[in-house]
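Written below as structure tokens is the structure these notes are about.
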Amino acid sequence: MKWNQAKIHLICWVAYIAYEIIVAGMLSKTFHHFYIYLFYYLLNVSLFYIHAFLVMPYSFANYPTSLLRLPVLLLIQLTIYVSFYILISHLLDQLHARKVPMVINSTFFASSIWRAILFLLYATGYFFLMRYITKTKEQAQHLLDIERMKTTMAQLERDYLRAQIKPHLLFNTLNFVKYAAKHQPEKSDEAIIRLAEILDFSISRSTDGMIPISMELKQIKNIIGLNQLRFEGKLNIDLEVQLGSDQIRILPLILLTLVENIFKHGNLSDNDHPAHICITDKDNHLMMKTRNLSSNNSLTESTHTGLDNINRRLQQQYGDNFIFLYGKEGRFYNTELHMPYVDI
């Protein structure tokens, strides 16, 4: 028993014993010698703890088979209790603490057995109360551990899904940097700076998993800038942003992945059919629409891993409170996204 628990037990026993002595004394209009209270309450308190901490745990150790031990142990306890009750009574007579000598008769046995049963009931109730509290704490800790595990697994999955943006972009950019370092050094420097910003952004975290949209828009412009560097500014792509505020908070890398998907699978060389990206907000929802000419061989062979990852991340964060549509429409590929945002 810990010290704090011991103090609580001591206070409870002092209060109980004081109450019982005072009430019994007032009803009988007499108070006994100090030794009588001392020895009998030591016996009763000892019975309480032996039953609560030894007999009951032993009897329920392998429930229900071990429960058969309880009647035998109760009988042993009662026998020992009455024996000590008699010894204490003799001792009190020797100490002249009694006004009337002890008489061992049926009333004596009935009184001692009833007293023992009373404290056995107290101890049994205490045992079951502590058992219930312990199980409740264990269940609460188990649920807490499960929630922590779920949170950890969700974070690992989010990190994995976020990481899907890197390989394709990194491979293409490094190939370009290798080429530009020999022929256009100034472009290779710019490409490295833009790529470093994107990679740093993709591995960064926030406390609530959300970021200001201004950070995402900056990386979208970096991706567009990187690809324009690779293709010497010949890509046809329009970015339209109409927001009431650039500080609203959103789930990161969703918009960026949609933009990267255009470069991975779209045909941006047709001057008459430029890719179009539109980002707006309304009623606490962010809306993004993209439309691009499909390349001849990419989308038909694509596994849509990036789009599936987006859908999974949105479900993790918002449940069913979002809209994400994508698919081909003739020669064009369209995506449409509606998701909640958080005001700063």
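Just need the Rg to Rh number for the chain, please, alpha carbons only, Kirkwood Rh. Don't jump to the answer; show the numbers that get you there.
Working: Rg = 39.6 Å, Rh = 27.6 Å.
So for the chain, dividing Rg by the Kirkwood Rh gives 1.44.
Distances longer than 20 Å among the Cα atoms of segment 27-150: what percent of all pairs is that? Walk me through the numbers on the way to the answer.
Numbers: 4310 of 7626 pairs.
When every Cα pair of segment 27-150 is considered, 57 percent fall beyond 20 Å.
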Average accessible area per residue (Å²) across the chain - probe 1.4 Å, nucleic acids and ligands excluded = 60
Roughly what angle does helix 254-265 make with the longest principal axis of the chain, taking Cα atoms, 0 to 90 degrees, to the nearest 10?
-> 40
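Rounded to the nearest 500 deg cm²/dmol, what is the calculated helix-only ellipticity per residue at 222 nm for the chain, with -39500 (n - 2.57) per DSSP H run of length n ≥ 4?
Details: 10 runs with 212 residues, N = 344.
The helix-only estimate for the chain comes to -21500 deg cm²/dmol at 222 nm.
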Can you list the lysines whose alpha carbon sits under 20 Å from that of K187, skipping same-chain ones fewer than 8 residues off?
-> K178, K218, K221, K234
Once fully extended, how much extra length lies between W114 and L10, figured as 0.36 nm per residue of separation less the alpha-carbon to alpha-carbon distance?
-> 35.1 nm
Per the Debye formula with a single identical scatterer at each Cα and no solvent contribution, what log10 I(q)/I(0) holds for segment 170-325 at q = 0.09, 0.16, 0.21 Å⁻¹?
-> -0.31, -1.01, -1.54
Could you check the simple spin-label distance between K328 and R148, using points 7 Å along Cα→Cβ, in nm with one decimal?
-> 5.0
Using a cut-off of 23 Å between alpha-carbon atoms, which lysines can reach K99, once sequence neighbours fewer than 8 places away in the same chain are excluded?
-> K29
Tell me, what HN-Hα J-couplings in whole Hz come from the Karplus equation 6.51 cos²θ - 1.76 cosθ + 1.60 at θ = phi - 60° for each residue of segment 217-227, using x for Gly and Pro?
-> 5, 4, 6, 4, 5, 5, 5, 4, x, 4, 5
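So, R0 is 45 Å and r is the distance between the beta-carbons of Q247 and L54; what FRET efficiency does that work out to, to 0.05?
After rounding to 0.05, the efficiency reads 0.10.
The values are calculated or read from the model by the stated rules, or taken from the named source; none is laboratory data. Please read all numbers here as calculations on a predicted model, not as lab measurements. Methodologically, a virtual Cβ is constructed for each residue, glycine included, from the backbone with ideal geometry; neighbour enumeration extends over all protein chains shown. Keep in mind that these areas ignore ligands, DNA and RNA; they rest on the heavy atoms of the full protein, side chains included. Shrake-Rupley method; radii C 1.70, N 1.55, O 1.52, S 1.80 Å.
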